[in-house]
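To keep things clear, I will list the structure first and then write my remarks on it.
The values are calculated or read from the model by the stated rules, or taken from the named source; none is laboratory data. Computed from a predicted model, the values in this text were never measured in an experiment. Heads up, the Cβs are rebuilt from the backbone with ideal geometry, glycines too, and the neighbour counts pull from every protein chain shown. In case anyone asks, the SASA skips ligands and DNA or RNA and just uses the protein heavy atoms, side chains included. Shrake-Rupley method; radii C 1.70, N 1.55, O 1.52, S 1.80 Å.
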Amino acid sequence: QVQLVESGGGLVQAGGSLRLSCAASVNIFGPNAMGWYRQAPGKQRELVAVISSNDSTNYADSVKGRFTISRDNAKNTVYLQMNTLKPEDTAVYYCRLQHYGGDYWGQGTQVTVSS
């Protein structure tokens, strides 16, 4: 069973930074995509950023220039560096791994940005 464990969420003031980590229980080397999604109260889950196995990336317009997704295959981990955080970034952030036909999600980590 594939497990994804997120960490790094918390409470931060507007303008601050956080770094989220997502550790996979399987080797992430090979064709796959890993991404971060978020869901704010009363809203649908939305894509934040995704990175493929060839390191190509895609970002939501709302986070371009502020967030950076990266991966470390040796550690089976994907990261989300979030800078210049805004109150509207407040949400539960979820990690997702699409790997050999499987689709796996983490349990989520709360990010709260105070104004």
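Of Asp72, Asp61, the residue with the largest accessible area leads and the full order is Asp61, Asp72 (1.4 Å probe). Hey, if you drop one equal point scatterer on each alpha-carbon of the chain and run the Debye formula without solvent, what base-10 log of I(q)/I(0) do you get at q = 0.15, 0.17, 0.22 Å⁻¹? Here log10 of I(q) over I(0) equals -0.59, -0.75, -1.23.
Taking Cα pairs under 8 Å and at least six residues apart, what relative contact order does the chain come out at, in percent? Mind showing how you got there, number by number?
Numbers: 284 pairs, mean separation 41.8, N = 115.
RCO, the chain: 36 percent.
For Asn76, nonlocal amide neighbours, meaning residues 5 or more places apart or on other chains whose placed amide H falls under 5 Å from its own, are Ile28.
Heavy-atom surface analysis with a 1.4 Å probe gives the chain a carbon and sulfur content of 47 percent of its accessible area.
Please label the shape of the stretch 1-58 as rounded, prolate or oblate, based on the square roots a ≥ b ≥ c of the eigenvalues of the alpha-carbon gyration tensor (a/c under 1.5 means rounded; beyond that, a/b larger than b/c means prolate, else oblate).
Working: a/c = 1.75, a/b = 1.64, b/c = 1.07.
It comes out prolate by the Cα gyration axes.
Relative to the current alpha-carbon distance between Asn58 and Val2, full extension at 0.36 nm per residue lengthens the span by 17.8 nm.
With θ taken as phi - 60° and the Karplus curve 6.51 cos²θ - 1.76 cosθ + 1.60 applied, the whole-hertz 3J(HN,Hα) list for the stretch 72-82 is 10, 5, 5, 9, 6, 10, 10, 10, 9, 8, 10 Hz, x standing for glycine and proline.
Couplings for the stretch 52-65, taken from phi via the Karplus curve 6.51 cos²θ - 1.76 cosθ + 1.60 with θ = phi - 60°, read 9, 5, 9, 6, 6, 10, 8, 10, 5, 4, 5, 10, 4, x Hz in order; Gly and Pro are left as x. Rolling a 1.4 angstrom probe over the protein heavy atoms with all chains in place gives the chain an accessible area of 52 Å² per residue. Is the shape of the stretch 49-106 rounded, prolate or oblate, going by the alpha carbon gyration tensor and its root eigenvalues a ≥ b ≥ c, with a/c under 1.5 for rounded and a/b larger than b/c for prolate? Prolate, since a/c reaches 1.5 and a/b exceeds b/c.
Across the chain, the longest piece that holds none of the chymotrypsin sites (Phe, Trp or Tyr not before Pro) lying in DSSP loops with up to 16 other C-beta atoms within 10 Å covers 30-99. Modelled this way, with points 7 Å down the Cα-to-C-beta line, the labels at Asp72 and Gln39 are 2.9 nm from one another. Ordered from highest to lowest accessible area with the whole protein assembly present and a 1.4 Å probe, Leu47, Leu4 read as Leu47, Leu4. Computed from backbone phi with θ = phi - 60° and the Karplus coefficients 6.51, -1.76 and 1.60, the 3J(HN,Hα) list for the stretch 93-108 is 9, 10, 9, 9, 10, 10, 8, 6, x, x, 9, 10, 10, x, 7, x Hz; x is used for glycine and proline.
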